[in-house]
Amino acid sequence: MKIKSVSCSPIEGQLPGTSGLRKKTRVFMAPGYLENFIQATFDAIGGGQDKTLIVGGDGRFFNRDAIQTILKMAAANGVTKVIVGQDGILSTPAASHLIRLNNAEGGFILSASHNPGGIDEDFGVKFNGQNGGPAPESLTDLIFEATKNITQYQIVDVDDVDLASIVTSYIGGMSVQIVDPVESYETLMQTLFDFDAIRGLFESGFTMCFDAMHAVTGPYATAILEGSLGAAPGTVVNGTPLEDFGKGHPDPNPIWAKTLMDLMMSDAAPDLGAASDGDGDRNMIVGRGIYVTPSDSLAVLAANAHLAPAYAGGLAGIARSMPTSAASDRVAQKLGIGLYETPTGWKFFGNLLDAGKVTICGEESAGTGSDHVREKDGLWAVLLWLNILAVRKQSVSEIVTDHWATYGRDYYSRFDYEAIATEKANALMSDLRARITGLSGQTVAGLTVASADEFSYDDPVDGSVSENQGVRIAFTGGGRAVFRLSGTGTQGATLRLYLEQYADQTGDLTRATQDALQKVRDAALAISKMQDMIGRTTPDVIS
Ligand code: VG1
Ligand code: CO
């Protein structure tokens, strides 16, 4: 086996964002680009010697080619063993589990998650560490430095590995073990949930539609829901991963999963609707006639988790990203457990989970998960919902309205302004930042600002500080607006505006969401001078 050192130039670096490195697929395909990032990662983790790695992706265009490159580079960098999902398929949570199960050094997950796939769309690479979670900032900083200084990468010149057969082969001394992507993940799910109770639920006539959005969760949902739990054949739709996700956005929200939403709001609606994203870490939950916001879903899951075997002993604590609504704070308070508010992105939950401070985590962007892995987990959330529905024997709508009657309701919506010129987006944020301290006490568009600041996170476990994590403005009367820039876009900048309005148990809990948010929205648009700063106030996506 001959190791080649190939010269490459530093890449126009981008600090890995909320979730790894994302770029247009053609950028990743340019000679040396992917190689640079992979070599930089090996350099940052101190080489590949004596290490086991997990590799897999969401099946999008370039997935298999990228895996072949990574395998050849892993062999050249001295890696001992690589475990790869069959056909290159591994969902993000399944990869996280395999890292932990095999005591691996980490893993490469090839995905741009909810971003569209195809030669003219997006590709991405995430590196997860020993605990199975996204690389912490200390490591992504090292990788970023390495990408800027790199001059060559190591690769071996061998034939491609067969990814289709479940066998172990060798590249020089490095073994490549191809595994069924679903098997160990399903075994883990069986330890968490009452599969018999869920089977009983389906036997009793419960119906469901799971939209895999032509993305990675298809094989997992088909095997588990239809295969093991007895859901009717056809419960999983769009269940075969496609390289371009059928030209859709594999983003499980009311906009991109509109077909499912329409079904759930119609007379033909099954009891439960669910969807998952490109790499299987997000989930959308819809009951018959009722969309459950991800923030509410987190709160309902936390309040009812004890009904599933794995969480019967109660939760250690709950963590949510800062823009996520306060619904789960109320649950934590009632349960008398800790509530942690972290910056956006799953990496910040890892330390809290490792330290045993929290059991359940979630984000407003449809990510929910627990201490069973170190990633958010779309199908896990769906199974927990099913377990709760099987025990409570009520509909989704009854469970959610009962939750609001107990805790009050946090009306919630997110506005995304996409592909804004980066300078304009940055200018809006710095202008807000500059005025932030003076905002308290001001009344704008009829609402008074109770407090305003820029979120900065002091990690209670390792003491690291993450600054500039979004501007938050709280209003008197339970309203809040948050502004932050996305870290996962691949074109210009994406500005996210998160709106929330609390109504207590005695308030009107049945309003239309955008009506309930109107005052907060008007105040947020006025305070940010949105029209002047970016030339528009109508978002591209409302979720
Ligand atoms: C978005 C979401 C964030 C999520 C991240 C990765 O990040 O807002 O909550 O953790 O995507 O999710 P941003 O920086 O664009 O707002 V995934 O499913 O795309 O890995
Ligand atoms: Co994802």
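I need the semi-axes of the equivalent ellipsoid of segment 409-542: take the C-alpha gyration tensor, multiply each eigenvalue by 5, square-root it, list largest first in whole angstrom.
23, 19, 16
Provide the packing ranking of 247-259, 424-436, i.e. peptides ordered by the mean count of other C-beta atoms within 10 Å per residue, highest first.
247-259, 424-436
Cα to Cα, under 17 Å, and not fewer than 8 places away if on the same chain: which aspartates and glutamates meet these conditions relative to Lys81?
The reachable aspartates and glutamates, counting only those whose Cα sits under 17 Å from Lys81, are Asp50, Glu105, Asp160, Asp162, Asp180.
When the helix-only estimate is applied to the chain (DSSP H runs of n ≥ 4, each -39,500 (n - 2.57), divided by the residue count), what is the mean residue ellipticity at 222 nm, nearest 500 deg cm²/dmol?
Helices in the chain give a 222 nm mean residue ellipticity of -9500 deg cm²/dmol.
Would you mind pulling out the separation of the Cα centroids of segment 322-365 and segment 481-543, in Å?
So the separation of the two Cα centres works out to 22 Å.
Plugging the Kirkwood radius over Cα pairs into Stokes-Einstein for segment 373-414, at a temperature of 10 °C and a viscosity of 1.306 mPa s, what D comes out in µm²/s?
132
Let me know the Rg and Dmax you get for segment 221-337 when you use only its Cα atoms, in Å.
Computed over the Cα atoms of segment 221-337, radius of gyration and Dmax are 16.1, 46 Å.
Report, in debye and to the nearest 20, how large the dipole of the chain comes out about its Cα centre when Lys and Arg carry +1 and Asp and Glu carry -1 on their Cβ.
Its charge dipole is roughly 720 debye.
With no solvent and one equal point scatterer per Cα, compute the Debye intensity ratio I(q)/I(0) for segment 159-308 at 0.16, 0.19 Å⁻¹ and report its log10, rounded to two decimals.
So the normalised log intensities are -0.96, -1.26.
Could the peptides 470-477, 164-171 be put in order, highest first, of the mean number of other beta-carbon atoms found within 10 Å of their residues?
Sorting 470-477, 164-171 by mean packing, highest first, produces 470-477, 164-171.
Mind checking segment 474-513 for trypsin sites (Lys or Arg not before Pro) that DSSP puts in a loop (not H, G, I, E or B) and that have at most 16 other Cβ atoms within 10 Å?
Loop-located and lightly packed - Arg511.
For segment 3-180, what is Rg from Cα atoms divided by 2.2 N^0.38 Å, rounded to two decimals?
So the Cα radius of gyration is 0.92 times the expected 2.2 N^0.38 Å.
Taking the Cα centre of each part, how many Å lie between segment 207-243 and segment 40-110?
If you average the Cα positions of each part, the centres end up 25 Å apart.
Past 27 Å, Cα to Cα, is the threshold; run Lys23/Lys247; Lys24/Lys247; Lys247/Lys424; Lys51/Lys347 against it and keep the listed order.
Where the Cα-Cα span goes over 27 Å, the pairs concerned are Lys247/Lys424.
First select every other residue whose beta carbon is under 10 angstrom from the beta carbon of Arg22; then total the charges, Lys and Arg +1, Asp and Glu -1.
+2
Mind checking segment 443-510 for GluC sites (Glu not before Pro) that DSSP puts in a loop (not H, G, I, E or B) and that have at most 10 other Cβ atoms within 10 Å?
Glu467
Among the lysines, which have Cα under 16 Å from the Cα of Lys4 when same-chain residues fewer than 8 positions away are ignored?
Candidates past the 8-residue exclusion: Lys72.
Using just the Cα positions, wrap the chain in a convex hull and report its mean projected area in square nanometres, one decimal place.
Mean shadow area of the hull around the Cα atoms is 23.3 nm².
We did not get these values from a lab; they are worked out from the coordinates using the rules stated. Keep in mind that this is a model prediction, so the values were computed, not measured. For neighbour counting, all protein chains shown are included, and Cβ atoms are generated from backbone atoms with ideal geometry for every residue, glycine included.
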